[in-house]
Amino acid sequence: MARNSKDELTLNGIKVDSINEYNVGMALEKLNLDYAYQYYSGGAGIRGTQIIDFLVYTDPKPTPLYVHGDYWHGGQYAQKTELKESLINSKMRGVWNMAVVIWEHECETEEQAYNAVRAKLAV
């Protein structure tokens, strides 16, 4: 949620992977929603481990929120992406809400991200 001395965008002290993730982080901040950025589900080197872009601490259960770009999560990568989301939903059923996806075209600006987060998290 800040720029460091090298003018890199960060959320919670972690360099963001994309402007879209940064915009979503800013939307979460504006909505006063607590979150973990780049949340590890599983352990390093363990099969099924994945990084969730945001784990949003919604009430009564946290909500995993992914920010997907069309290139890396569509086309030839779509099946792998869907499998990862299904695994998280299955593994955390009853503990977390179902995963939410915000696509890059929904969060090109902070305003778009704000509207997408509000709609998809129903806040």
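Points worth noting:
- Taking the charge dipole of the chain about its Cα centre, with +1 at Lys and Arg Cβ atoms and -1 at Asp and Glu Cβ atoms, the residue from 22, 109, 94 reaching farthest to the positive side is 94.
- Sites residue 81 and residue 32 - FRET efficiency at Förster radius 30 Å, r taken between beta-carbons, to 0.05: 0.55
- Helical content of the chain, expressed as a calculated mean residue ellipticity at 222 nm, amounts to -10000 deg cm²/dmol (DSSP H runs of 4 or more residues, -39,500 (n - 2.57) each, divided by residue number, nearest 500).
- Its Cα centre serving as origin, the chain has a Cβ charge dipole (Lys and Arg +1, Asp and Glu -1) of approximately 560 debye.
- Neighbour counts of C-beta atoms inside 10 Å place 118, 47 in the sequence 47, 118, starting with the fewest.
- Kyte-Doolittle mean at least 1.6, axial Cα span of 27 Å or more - DSSP H helices of the chain: none
- Intensity falloff of segment 2-121 expressed as log10 I(q)/I(0), Debye formula with alpha-carbon point scatterers, at q = 0.18, 0.20, 0.24 Å⁻¹: -0.98, -1.20, -1.54
- Annotation for residue 90 and residue 46: the two label points, set 7 Å from Cα along the Cα-Cβ direction, are 1.7 nm apart.
Rule-based calculations on the coordinates, nothing more; no lab input. Source: prediction; values computed, not measured. Glycine gets a Cβ as well: all are built from the backbone with ideal geometry, and neighbour counts include every protein chain shown.
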